[in-house]
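Read the structure below first, then the notes.
The values are calculated or read from the model by the stated rules, or taken from the named source; none is laboratory data. In this text the structure is predicted, and so the values were computed from the model without any measurement. Ligands, DNA and RNA are excluded from the accessible area calculation, which covers all protein heavy atoms including side chains. Shrake-Rupley method; radii C 1.70, N 1.55, O 1.52, S 1.80 Å.
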Amino acid sequence: MNDDWEIEKSATLIFEDLPVGALKAPLPRADGRAAYMPFRGSGHYQLGVALREGRTPRCFYEEDGPRVTFDVLDIPEYGVLLVGNFSVD
């Protein structure tokens, strides 16, 4: 992944009301891989626990109004999420 981050083109990924990391633009809207910068803290930790326990974490970000919600299916490598099952509220 490219390490050039533009803060104004990112969104905070949330799991169970806890910040997990910063999603990098283009923000995910379809099944596939999403680049992100993980935050050190309980949100990222809890996401990892849920995956290790075989659960499918449901996360969201807000992009200028609508909430985009999706499943995190895996973290195949550092800074990458495998995502799917999107909905926009």
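Quick look at the numbers
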read-out: For the chain, accessible area per residue (1.4 Å probe, heavy atoms of protein chains only), Å²; value: 60 Å²
read-out: Cα centroid separation - the range 53-72 against the range 13-30, whole Å; value: 7 Å
read-out: Exposure of R67 as accessible area (Å², to 10), given a probe of 1.4 Å and all protein chains; value: 90 Å²
read-out: Cα-based Kirkwood hydrodynamic radius, the chain, one decimal, Å; value: 12.9 Å
read-out: Share of carbon and sulfur in the accessible heavy-atom surface of the chain [1.4 Å probe, %]; value: 49 percent
read-out: Sum of -39500 (n - 2.57) over DSSP H runs of 4+, divided by residues of the chain (222 nm, nearest 500); value: -3500 deg cm²/dmol
